[in-house]
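The values are calculated or read from the model by the stated rules, or taken from the named source; none is laboratory data. Remember, predicted model here, so these are calculated numbers, not experimental data. Neighbour counts are summed over all protein chains in view; Cβ atoms, including those assigned to glycine, are modelled from backbone coordinates with ideal geometry.
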Amino acid sequence: MVKVFIDPGHGGSDPGAVGNGLQEKTLTFQIATTLRDILLNEYEGVSVLMSRTGDQTVSLSQRTDAANNWGADFYLSIHINAGGGTGFESYVYPGVAAPTTTYQDIIHEEILKVVEFANRGEKTANFHVLRESNMPALLTENGFIDNTNDANKLKSSSFLAAIARGHANGIARAFSLTKKPTALYKVQIGAFRIKSNADNLAAEARAKGFDAVVLLRDGLYKVQIGAFASKENADSLAAKARAAGFDAIVYLE
Ligand SMILES: [Zn+2]
């Protein structure tokens, strides 16, 4: 299990940088929660802890304490830049070696693959969250809130989603995360043009203890008795159905 600590910068009484009608704390939170959802919904073997789950005031020490106490494998702090400039940059603590620098290389690259930002480069800085975290740590600065061009991009929720997607792609590659199977192995015992035929077979299957449902797919009423992420489980149910006299097939859909 890879434990990823996601730290949306600022929050509560600390809005972070502000400009062009935007607040940094709101943008970092939106990126962070989308990133969390992508990791948990689409990948196996990953768990996530957030430094804040709403608009709370959380000190820098509270953030790194939470990551250290949890025993995170990776600390990711998400920020929006300000102060004159444009584009994306990332930071690690000065003098750190691999794997931290490798994670920076990979995540920096994956973000710029899907996000239309100028590349300001991979940098180092003596930031609290990079220094006081006991695990590899990266801080990203995703555009400048006080730059009209960057701010106009940051006003779009699909742009923020792309930033989250870039971070997710980077974390997945850096930690070799496996995608959850999107298709399932379906166990089917019949397919009919006439619904009553499918209903009759489903009733017969239920009488023999199978959990049968009738689904309309591509103009056919299909009688399905199970759907599994694992082929073994599907094959095993199909064998049981055949032993009970049904003509079971397994297919991936
Ligand atoms: Zn910040």
The one condition in (1) within 16 Å of the ligand (Cβ to nearest atom); (2) polar (S, T, N, Q); (3) in contact with a Leu (Cβ under 7 Å, 6 or more places away or on another chain); (4) not in a strand (DSSP E or B) that Gln104 fails to fulfil: (1)
So Leu177, is it surrounded by fewer than 20 Cβ atoms within 10 Å (Cβ to Cβ), at pLDDT below 95 and among the hydrophobic types (A, V, I, L, M, F, W, C): no
Meets criteria (of a type in the set (Phe, Trp, Tyr), within 14 Å of the ligand (Cβ to nearest atom) and not in a helix (DSSP H, G or I)) for Tyr91: yes
Any hit, region 40-47, residues being surrounded by fewer than 24 Cβ atoms within 10 Å (Cβ to Cβ), of a type in the set (A, V, I, L, M, F, W, C) and within 11 Å of the ligand (Cβ to nearest atom): no
Hits in region 196-232 (condition: among the basic types (Lys, Arg) and part of a loop (DSSP other than H, G, I, E, B)): Lys208
Tally, over region 100-110, of residues that are touching a residue at least 40 places away in the same chain (Cβ under 8 Å) and surrounded by 15 or more Cβ atoms within 10 Å (Cβ to Cβ): 6
Restricting region 57-74 to residues that are in a loop (DSSP other than H, G, I, E, B), exposed (fewer than 13 other Cβ atoms within 10 Å of the Cβ) and in contact (Cβ under 8 Å) with a residue 40 or more places away in the chain, the residue that is farthest from the ligand (Cβ to nearest atom): Gly71
Filtered residues of region 75-99 (kept if under 21 Å from Phe175 (Cβ atoms) and surrounded by fewer than 19 Cβ atoms within 10 Å (Cβ to Cβ)): Val96, Ala97, Ala98, Pro99
For Asp73: the one exception among (1) farther than 19 Å from Asp7 by Cβ; (2) touching a strand residue (DSSP E or B) at 6+ places or on another chain (Cβ under 8 Å); (3) of a type in the set (Asp, Glu): (1)
